[in-house]
Amino acid sequence: MQHAIGQAEKAYEAGEIPVGAIVVFEDRIIGRGYNQRERLNDPTAHAEIIAITAAANTLDDWRLNNCFLFVTKEPCPMCAGAIVNARLKMVIFGCYDEEAGCCGSLYQLCSDPRFKTKVSVRGGVLEKQSLSLIQGFFKLQRNT
């Protein structure tokens, strides 16, 4: 999770909402990403999507069956859908998102029994560190 926080710090430094993600396969990081919506002018350039794409390219396979995604903030509906579609084994996230989180807060997309693929979820890992980055970012934005 510390590596995901490092990615979130890159987003912070770039003026992006500080969310970072990594994908791990067999104890090796195979994908990294941080929010780049502003820089790329792309509404889909979330940390999770970028990390999943990098991991799929590394494995040369869109199926990430035995991979783990670590992300600093609970995934939104789009990212939760990508997580299910990529067939990740588990998502581990930092802070909860009561407004848009779809891995337990607002909705639990990853383990919805109506989908064939179910992804395990664990939230609240290094929650304070993840949340403080986001809160610090928005505090700075309001004061600018």
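A few notes on this one:
- In the range 1-48, the qualifying residues are those that are surrounded by 19 or more Cβ atoms within 10 Å (Cβ to Cβ) and of a type in the set (Ser, Thr, Tyr), and the one that is farthest from Gln141 (Cα to Cα) is Tyr34.
- There is at least one residue in the range 55-76 that is under 16 Å from Glu16 (Cβ atoms) and surrounded by fewer than 23 Cβ atoms within 10 Å (Cβ to Cβ).
- Pairs with Cβ under 8 Å, 6+ apart, first in the range 52-78 and within 18 Å of Gln2 (Cβ to Cβ) and assigned to a strand (DSSP E or B), second open to solvent by 60 Å² or more (accessible area, probe 1.4 Å) and among the aliphatic types (A, V, I, L, M): Thr72/Leu126
- With respect to the conditions (1) more than 12 Å from the chain's Cα centre (by Cα); (2) surrounded by fewer than 21 Cβ atoms within 10 Å (Cβ to Cβ); (3) within 15 Å of Met1 (Cβ to Cβ), Leu133 lacks only one, and its number is (2).
- The set of residues in the range 85-119 that are under 21 Å from Ile5 (Cβ atoms), assigned to a strand (DSSP E or B) and open to solvent by 20 Å² or more (accessible area, probe 1.4 Å) contains only Met90.
- Here is the figure for the range 8-33: residues that are assigned to a helix (DSSP H, G or I) and free of Cβ contacts under 8 Å to residues at least 60 places away in the same chain total 3.
The values are calculated or read from the model by the stated rules, or taken from the named source; none is laboratory data. Keep in mind the model is a prediction, meaning the values are calculated, not measured. Please note: Cβ atoms are built from the backbone with ideal geometry, for glycine as well, and neighbour counts cover all protein chains shown. Surface accessibility is based on the protein's heavy atoms, side chains included, excluding ligands, DNA and RNA. Shrake-Rupley method; radii C 1.70, N 1.55, O 1.52, S 1.80 Å.
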